[in-house]
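The values are calculated or read from the model by the stated rules, or taken from the named source; none is laboratory data. Small disclaimer: the values here were computed from a predicted structure and weren't measured. All Cβ positions, glycine included, derive from the backbone under ideal geometry; neighbour counts span all protein chains shown.
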Amino acid sequence: MSQEQQTHIDKTNQQEIPSFPFPFADHSLQVPDEYDRLRQQCPVARVHMPYGGDAFVPTRYQEIGQAFADPKCGAIRASDGDVPRLEAGKVTGTEGSAASELFSVSNARHNKLRRVIAPAFTVSAANKLRSRVVDVTNALVDAMERSGPPADLFEDYAIQVPMTVLCEMLGIPGEDEHLYRESAHTMISTTASLQEKQVQATKLMQYLAPIIKEAQTNPQENILGLLVRAQKQGDEVMTESEMYGFAMAVIGAGFETVSTTFTNSAFILLQQPEVVAQLRTHLEQPDQLANAIEEILRVTPIGVGRPRITREPVQLGETTVPAGEVLFLTTHGANYDPSVFPDAREIRFDRDMQPIMSFGRGIHACLGQQIARMELQVLWQTLLTRLPNVRLAVAPSEVPWRPDETLTFGPEHLPVTW
Amino acid sequence: MKVTALRNRCIASGTCVLAAKAVFSQRESDGVVELLQEHPSLEQLQKVRQAVAACPSQVFVVEEEDNLSELTLSTNDEEM
């Protein structure tokens with residue numbers, strides 16, 4: 001341990017180093033009390049990571065947002081070696097697939113690349129997709145009604161919507177859903193080896209190759225169309241491997257996040273009927289619905305967070321984090337900071353809302369956030385309009401939980417009745 | 001209050017449009033912020049402040065924050 005780290009620990013009086021991730025109780029999405037304790041006692045805490053040593057975990061909104069946005073807190077690269085991390089595989093982050101390109105290029109290059117496909121992710125693009133998502137959600141509820149209760153709100157509803165949107169936006173066939181799910185699962189796995197991740201990435205690239213070739217001959221008005229047109233303009237606009245990286249990153253991030261957020265939020269809300277009743281009164285007015293979904297996003301944890309590595313010493317509050325340290329950034333740490341969101345554990349649709357941290361900050365902030373917001377708005381709107389009495393079909397303790405093997409967590413299935 | 005959008009920092013997140021849709025839009029070609037008004041009414045002040053605070057890539061620079069007699073917006077496309 002360096003002298004600076006020693007000083008840090010003495011100054012903040014951190015008596016013991018907790019293990020990260022801080023455990024959630026069984027069958028619970030209630031953010032652990034450890035965040036509250038650390039926020040008060042040691043807001044940039046030293047923690048033991050599952051592999052590779054110790055990292056820093058900030059727990060206040062201010063420092064989490066600052067670290068997300070600070071270019072000195074970069075993405076982890078293969079060249080960083082055996083860093084403290086969550087995953088068994090040697091390298092954390094997105095390395096091992098072409099998607100890593102987006103995180104390892106310079107900031108200026110990143111912004112140029114991102115703008116190539118940004119037209120598909122604007123507020124107005126999201127709004128244009130809304131009526132399609134309304135149709136999809138209604139068709140799914142029709143099918144649930146035909147089969148009768150109980151239904152699995154994850155498999156029968158939550159995952160189908162972002163999967164349909166992803167396939168249409170990107171321009172890939174819906175019938176190969178299984179491959180996309182398998183690929184995304186491997187990308188966010190904490191147990192797969194680097195080699196397993198590379199094998200899966202290669203499989204997905206080989207699958208995409210003829211689809212991309214077809215798009216090059218006959219580009220459509222979708223993300224693959226945007227990518228192949230950019231790539232045709234030359235490597236200074238977009239290289240072939242950047243093009244593949246984008247396509248794979250969109251598959252990796254396109255449905256897992258929204259389906260987990262919706263399912264986890266439903267697990268939380270359906271245990272609070274008075275909150276669901278309030279939400280039902282916010283469905284008709286678009287601004288009210290949008291605000292309500294921000295609050296739902298705020299209270300819904302979906303994953304353990306993302307790492308950064310300090311490229312230079314970084315001052316976070318009173319703590320100087322030396323260069324070369326891993327910082328682990330959790331969005332729920334920020335979203336539950338009571339100095340920004342008073343009574344943070346309460347769901348209140350009338351908050352004077354501060355920006356939520358759910359989509360990150362800085363240049364790597366979520367590209368799909370407007371699409372995600374729109375999908376979540378429609379998912380809740382259709383569900384509560386069509387099935388106003390929807391509720392859990394089993395006790396929360398009986399809800400099947402995902403095995404602890406990916407960066408996201410929550411119910412594996414969500415049995416509901418109505 | 002003067003607000004300048006440093007557009008090379010923009011990552012096209014659309015956050016400003018959500019906060020103040022009467023003032024901000026996104027360019028069709030690349031999603032980058034564009035202004036719908038350069039002198040919005042002071043009624044927009046609170047929404048513009050929200051857009052400034054919520055921008056994930058800190059595109060906006062605010063000057064004369066205490067001067068509330070007028071609200072002036074501009075864009076700057078220089079490389080940084």
For segment A:315-358, the count of residues that are in contact with a helix residue (DSSP H, G or I) (Cβ under 7 Å, 6 or more places away or on another chain), hydrophobic (A, V, I, L, M, F, W, C) and modelled with pLDDT of 95 or more equals 10
Kindly list, by first and then second residue, each pair from a residue in segment A:72-99 that is over 13 Å from A:Ser193 (Cα atoms) and surrounded by fewer than 22 Cβ atoms within 10 Å (Cβ to Cβ) to a residue that is at pLDDT 85 or above and basic (Lys, Arg), limited to pairs with Cβ atoms under 6 Å and residues at least 6 apart or on different chains.
A:Lys72/A:Arg311; A:Gly74/A:Arg311
Is there any pair linking a residue in segment A:37-50 that is closer than 16 Å to A:Ala334 by Cα to one that is among the polar types (S, T, N, Q) and part of a helix (DSSP H, G or I), with Cβ under 7 Å and at least six apart or on different chains, and which?
A:Cys42/A:Thr12
Which numbered condition trips up A:Met243, out of (1) in a helix (DSSP H, G or I); (2) surrounded by fewer than 23 Cβ atoms within 10 Å (Cβ to Cβ); (3) among the hydrophobic types (A, V, I, L, M, F, W, C)?
(2)
Please go through segment A:146-172 and pick out each residue that is in contact (Cβ under 8 Å) with a residue 60 or more places away in the chain and surrounded by fewer than 20 Cβ atoms within 10 Å (Cβ to Cβ).
A:Pro149, A:Pro150, A:Asp152, A:Glu155
Select, from B:Val17, B:Val23, B:Val32, the only residue that is at pLDDT 95 or above, more than 10 Å from chain A (Cβ to nearest Cβ), surrounded by 14 or more Cβ atoms within 10 Å (Cβ to Cβ) and closer than 27 Å to A:Met374 by Cα.
B:Val23
From the residues in segment B:51-70 that are part of a loop (DSSP other than H, G, I, E, B) and within 10 Å of chain A (Cβ to nearest Cβ), which one is surrounded by the fewest Cβ atoms within 10 Å (Cβ to Cβ)?
B:Gln58
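Let's see how each residue does on (1) away from chain B (no Cβ under 14 Å); (2) modelled with pLDDT of 95 or more:
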{"position": "A:Ala125", "(1), (2)": "no, yes"}
{"position": "A:Ala151", "(1), (2)": "yes, yes"}
{"position": "A:Asp156", "(1), (2)": "yes, yes"}
{"position": "A:Leu194", "(1), (2)": "yes, no"}
{"position": "A:Gln198", "(1), (2)": "yes, no"}
{"position": "A:Ala201", "(1), (2)": "yes, no"}
{"position": "A:Leu208", "(1), (2)": "yes, yes"}
{"position": "A:Ile211", "(1), (2)": "yes, yes"}
Within segment A:365-399, which residues are more than 19 Å from the chain's Cα centre (by Cα) and of a type in the set (A, V, I, L, M, F, W, C)?
A:Leu383, A:Leu384, A:Leu387, A:Val390, A:Leu392, A:Ala393, A:Val394, A:Ala395, A:Val399
